[in-house]
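Colleague: Starting off with a structure, shown below.
The values are calculated or read from the model by the stated rules, or taken from the named source; none is laboratory data. As the structure is a prediction and not an experimental result, all values here were calculated from the model. Note: ideal-geometry Cβ built from the backbone for every residue, glycine included; neighbour counts use all protein chains shown.
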Amino acid sequence: MSITRLRLSPEESRSAALEAARGLLIEDGPQAVTLKAVAARMGRTHANLLHHFGSAADLQSALARHISERVISGIAGAVQRAREGTADPGEIVDRTFDAFDREGGGALCAWMILSGNHEALKPILDAIHALVDQLGEGHGDHPVHETTLWLVLAALGDSLLGAPMADALSLPRDKARALARAQLLASLGVAPTPPTS
């Protein structure tokens, strides 16, 4: 008995593979993102993924681009809404921390660095750089590059070590995020909103 598979266009197949890889990354960590595992999750063959990506390293690079595009558009939107006064500037911190934690960006970056696949980091770094340049235009009075540096490093560190460190210090899990939020608001000269009871 043969199994009929839905025929996907090359673009749909690549997109489905990247979503499957992102799901594996978030659920089981970067070591779970293999061509074989992604193919199995999609109901495709290893050879099919090799055809679309060429190698595991190319899949990782494509996944990095995929995640960075999603994340950058979310952060850019949050910054724009904050500048228009239609959103809390603290949303920028939430988007950045979520990108590295819930979206899997921190685990992916650490994995690439530790495995020596520095080239795969390039799409993430290029996307952040392009976003920062765009956000800095016409806002020379704000240290956008410096703010991005400390915010990204704080979010990356929190995604990798935040939970055990907060636990070891008997602090709430979201303490690093709250500190980053307070620092961003202070740098913008915005008074923090008091917590609601």
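Colleague: Given the conditions (1) part of a helix (DSSP H, G or I); (2) over 20 Å from L25 (Cα atoms); (3) touching a Leu at 6+ places or on another chain (Cβ under 9 Å), which single one is not true for V190?
Modeller: (1)
Colleague: Of D58, D28, which residue is without any contact (Cβ under 8 Å) to a residue 12 or more places away in the chain and more than 19 Å from A120 (Cα to Cα)?
Modeller: Numbers: D58 fails: more than 19 Å from A120 (Cα to Cα).
Just a single option satisfies the conditions, and that option is D28.
Colleague: Quick one: count up the residues across region 157-175 that are in a helix (DSSP H, G or I) and surrounded by fewer than 21 Cβ atoms within 10 Å (Cβ to Cβ). Explain how you work it out, then say what you get.
Modeller: Applying the first criterion (in a helix (DSSP H, G or I)) to region 157-175 yields 157-168, 175.
Next, only the ones that are surrounded by fewer than 21 Cβ atoms within 10 Å (Cβ to Cβ) stay: 157, 160-161, 163-168, 175.
The qualifying residues number 10.
Colleague: With the condition kept exactly as written, say whether any residue in region 31-50 is closer than 30 Å to V190 by Cβ, of a type in the set (S, T, Y) and either modelled with pLDDT of 85 or more or surrounded by fewer than 16 Cβ atoms within 10 Å (Cβ to Cβ) (or both). Before the answer, list the steps.
Modeller: Looking only at region 31-50, we keep the residues that are closer than 30 Å to V190 by Cβ, and these are none.
So far as region 31-50 goes, no, none of its residues is closer than 30 Å to V190 by Cβ, of a type in the set (S, T, Y) and either modelled with pLDDT of 85 or more or surrounded by fewer than 16 Cβ atoms within 10 Å (Cβ to Cβ) (or both).
Colleague: Then there's this: Across region 79-100, what is the number of residues that are buried (at least 17 other Cβ atoms within 10 Å of the Cβ) and either closer than 12 Å to L151 by Cβ or of a type in the set (V, I, T) (or both)?
Modeller: 11
Colleague: Right, another one. Only one of (1) part of a helix (DSSP H, G or I); (2) touching a Lys or Arg at 6+ places or on another chain (Cβ under 8 Å); (3) modelled with pLDDT under 85; (4) not polar (S, T, N, Q) fails for E103. Which number is that?
Modeller: Result: E103 passes all but (1).
Colleague: Is one or more of the residues making up region 39-53 β-branched (V, I, T), within 26 Å of L131 (Cα to Cα) and not in a helix (DSSP H, G or I)?
Modeller: no
Colleague: Here's another thing I want to ask about it. Evaluate the following for A21: is it at pLDDT 85 or above, surrounded by 13 or more Cβ atoms within 10 Å (Cβ to Cβ) and at negative phi? Spell out the reasoning first.
Modeller: Details: at pLDDT 85 or above: yes; surrounded by 13 or more Cβ atoms within 10 Å (Cβ to Cβ): yes; at negative phi: yes.
Spelling it out, A21 is indeed at pLDDT 85 or above, surrounded by 13 or more Cβ atoms within 10 Å (Cβ to Cβ) and at negative phi.
Table: residues versus (1) closer than 30 Å to G189 by Cα; (2) touching a residue at least 12 places away in the same chain (Cβ under 8 Å).
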{"position": "L24", "(1), (2)": "no, yes"}
{"position": "R81", "(1), (2)": "yes, no"}
{"position": "G90", "(1), (2)": "yes, yes"}
{"position": "D94", "(1), (2)": "yes, yes"}
{"position": "A120", "(1), (2)": "no, yes"}
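Colleague: Looking at region 104-115, can you tell me whether even one residue there is under 20 Å from the mean Cα position of the chain (by Cα), more than 16 Å from S68 (Cα to Cα), surrounded by 15 or more Cβ atoms within 10 Å (Cβ to Cβ) and of a type outside the set (K, R)?
Modeller: no
Colleague: Based on this model, can you work out whether L135 counts as in contact (Cβ under 8 Å) with a residue 40 or more places away in the chain, in a helix (DSSP H, G or I) and over 30 Å from G54 (Cα atoms)? Working first, answer last.
Modeller: Numbers: in contact (Cβ under 8 Å) with a residue 40 or more places away in the chain: yes; in a helix (DSSP H, G or I): yes; over 30 Å from G54 (Cα atoms): yes.
So L135 passes the test.
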